[in-house]
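Down below is the structure, laid out as structure tokens.
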Amino acid sequence: MKHAASAAPAGALASALWATGSFLRKTFILAELEVRKLSHDPTELFSRAIQPALWLLVFGQVFGRFRYHGTGNYQEFIAPGILAQSVLFIAIFYGITIIWERDLGLIHKFLVSPTPREALVLGKALSAGVRALTQAVIVYLLALLAHVHLNWNPLALLGVMVVCVLGAACFSTFSLCIACLVKTRERFMGIGQMMTMPLFFASNAIYPIDLMPSWLKGIAQVNPLTYEVDALRGMMLAAPSVQPHLLLDFAVLVGFTTFLVLVGARLYKGVAT
């Protein structure tokens, strides 16, 4: 009896580990398939460098001539916000891929496979995160050109990579949820464009929260982009002007991403109809 009782928990643990390993393996396979699409159009990576260059080198230098509240170098303050913005702009339109996949008949093939829908959604989210890492490289190079003092500690660089992946996963999954609801490219693009700038300006990307009016502060405090920027600012800069709250930032990003993956998994089947 004792041997049977001890064998049951061991068997349950082994089954749980096998299920987790299978889920992660399927997730990474799907993420790899999405990332491979970059090889078909590598120019996309270079074209995406234009927007952060304009914001950091033009906007940052021009507005840096004004007296800035909080730091003597506005480009240092804005650099993490521009990286977060670049990640947001990549991720927020990522959901259109499932509309294309539906039109090509790929969604039905995914749905009849034994792959859990959560793995399908998370795999796409991780592939968006990989694309976001290219933006981190671009922004770091631009920051060097602008003489922004960065933190080159390996742990800080690793943290920036993790935050970029989390931010991209969060907003790409949000994008996927929108695509599952609207189901057409025209509606999706309209909603994506409508959401992008409010998310950006209702955050601390280009100005600190304490300069915002009270009604905007409330929005910024529930905006996940605010926490992404806060984490990036704390790890990217050699001397951040505002003390970051890294544990809170990571907890909010992980919480939002987990919630949106679960919601996206429930909505994913509906896009095929």
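The values are calculated or read from the model by the stated rules, or taken from the named source; none is laboratory data. Model, not experiment: these values are computed from the prediction. Methodologically, a virtual Cβ is constructed for each residue, glycine included, from the backbone with ideal geometry; neighbour enumeration extends over all protein chains shown.
General remarks:
- Here is the figure for segment 137-170: residues that are of a type in the set (Gly, Ala, Ser) and under 15 Å from the mean Cα position of the chain (by Cα) total 4.
- Remark: Val252 falls outside the filter, which requires a residue to be touching a Gly at 6+ places or on another chain (Cβ under 8 Å) and either at pLDDT 95 or above or at negative phi (or both).
- Residues located in segment 165-195, provided they are modelled with pLDDT of 90 or more and of a type in the set (S, T, N, Q): Ser172, Thr173, Ser175
- Of everything listed in (1) touching a Ser or Thr at 6+ places or on another chain (Cβ under 6 Å); (2) at pLDDT below 95; (3) not aromatic (Phe, Trp, Tyr), the single unmet condition for Leu216 is (1).
- Where a residue in segment 124-135 is free of Cβ contacts under 8 Å to residues at least 40 places away in the same chain and within 13 Å of Val162 (Cα to Cα) and its partner, wherever it lies, is in a helix (DSSP H, G or I) and among the hydrophobic types (A, V, I, L, M, F, W, C), with Cβ under 9 Å and at least six apart: Leu133/Met161; Leu133/Cys164; Leu133/Val165; Leu133/Ala168
- Helices (runs of 4 or more DSSP H) fully within segment 53-164 counting 2 or more residues that are of a type in the set (D, E, K, R), buried (at least 17 other Cβ atoms within 10 Å of the Cβ) and at pLDDT below 80: 96-104
- Applying the criterion of being surrounded by fewer than 18 Cβ atoms within 10 Å (Cβ to Cβ) and within 19 Å of the chain's Cα centre (by Cα) to the residues of segment 178-192, the residue that is farthest from Asp230 (Cα to Cα) is Met189.
- For first residues located in segment 228-248 and under 17 Å from Leu158 (Cα atoms) and outside any loop (DSSP other than H, G, I, E, B), partners that are charged (D, E, K, R) and at pLDDT 85 or above and lie 6+ apart or on another chain with Cβ distances below 6 Å form the pairs Asp230/Asp249; Ala231/Asp249; Leu237/Glu76.
- Any hit, segment 204-218, residues being buried (at least 21 other Cβ atoms within 10 Å of the Cβ), in contact (Cβ under 8 Å) with a residue 60 or more places away in the chain and out of contact with any Lys or Arg (no Cβ under 9 Å at 6 or more places or on another chain): yes
- Test: residue in segment 194-203 that is among the small types (Gly, Ala, Ser) and either exposed (fewer than 15 other Cβ atoms within 10 Å of the Cβ) or closer than 26 Å to Trp55 by Cα (or both): yes
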